[in-house]
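The block underneath contains the structure these notes are about, expressed in structure tokens.
The values are calculated or read from the model by the stated rules, or taken from the named source; none is laboratory data. Being a predicted model, the structure only gives us computed values, none of them experimental. Please note: Cβ atoms are built from the backbone with ideal geometry, for glycine as well, and neighbour counts cover all protein chains shown.
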Amino acid sequence: MTFNSLINDTILSIWALPVYVYFLWLSVVLSVIDFRELRLPNKYIYPSYLVVVVGLIVPAWVSKRWDSLAQAALCGLVALALFMLLHAVYASGLGMGDVKLAGIVGLLAGWVSWGTALVALMLAFFLSAIVGIVLLVSRKATLKSALPFGPFMLGGTILALALTAYLRAQFA
């Protein structure tokens, strides 16, 4: 890694930091609501699109890295489309709040890389499967029990971002 690329990556990280702090706050709020009510309210989801998009335009503009913004937008659209398809196939298993949240997750993880976005979504399914199996085995849930998916998407995204940062630091 050259000095210039290290500076550019640092600038991208510093200028993108506020949007990731917002995402941490959003993750806590939405996880609590989803566990309690099995829903992700639009009053948090819709404004989050604006916050995230504006929050990523700033570092793209400062660092002249429009490619990172385009990558984030494409990841957000792909995640949204994929979850729309999953909802169309199995609407009772995946709510529209999860579909809308997938776009935000795709944007934020996609800002870092396509791989990070893919890992974030895969971790969401993996984490929810592990918790579901534990609940079934411990007889705290049945096959008909509802399990919120939003917290697993949010947690998977946070883990994917942390893992990416760790691996980049190790191999830089």
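Here are the numbers:
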{"quantity": "Every residue from the range 77-109 that is more than 19 Å from residue 38 (Cα to Cα), in contact (Cβ under 8 Å) with a residue 12 or more places away in the chain and over 9 Å from the mean Cα position of the chain (by Cα)", "calculated": "77, 78, 79, 80, 82"}
{"quantity": "Residue identified as out of contact with any Leu (no Cβ under 7 Å at 6 or more places or on another chain), in contact (Cβ under 8 Å) with a residue 24 or more places away in the chain and among the polar types (S, T, N, Q) among 142, 116, 164", "calculated": "164"}
{"quantity": "Any hit, the range 127-149, residues being under 18 Å from residue 38 (Cβ atoms) and within 13 Å of the chain's Cα centre (by Cα)", "calculated": "yes"}
{"quantity": "Which numbered condition residue 36 misses (of (1) assigned to a helix (DSSP H, G or I); (2) surrounded by 14 or more Cβ atoms within 10 Å (Cβ to Cβ); (3) of a type outside the set (A, V, I, L, M, F, W, C))", "calculated": "(2)"}
{"quantity": "Any pair with Cβ under 7 angstrom, 6 or more apart, that starts in the range 1-28 at a residue that is surrounded by 12 or more Cβ atoms within 10 Å (Cβ to Cβ) and ends at one that is modelled with pLDDT of 60 or more and of a type in the set (Phe, Trp, Tyr)", "calculated": "16/111; 26/44"}
{"quantity": "Selection status of residue 60, free of Cβ contacts under 8 Å to residues at least 60 places away in the same chain, aliphatic (A, V, I, L, M) and closer than 18 Å to residue 149 by Cα", "calculated": "no"}
{"quantity": "Of residues in the range 59-76 being surrounded by 15 or more Cβ atoms within 10 Å (Cβ to Cβ) and under 13 Å from residue 16 (Cα atoms), the one nearest to the chain's Cα centre (by Cα)", "calculated": "72"}
{"quantity": "Condition broken by residue 121, with the remaining ones in (1) surrounded by fewer than 14 Cβ atoms within 10 Å (Cβ to Cβ); (2) farther than 21 Å from residue 15 by Cα satisfied", "calculated": "(1)"}
{"quantity": "Index of the failed condition, residue 31 passing every other in (1) surrounded by 18 or more Cβ atoms within 10 Å (Cβ to Cβ); (2) at pLDDT below 95; (3) of a type in the set (Gly, Ala, Ser); (4) in contact with a Pro (Cβ under 9 Å, 6 or more places away or on another chain)", "calculated": "(2)"}
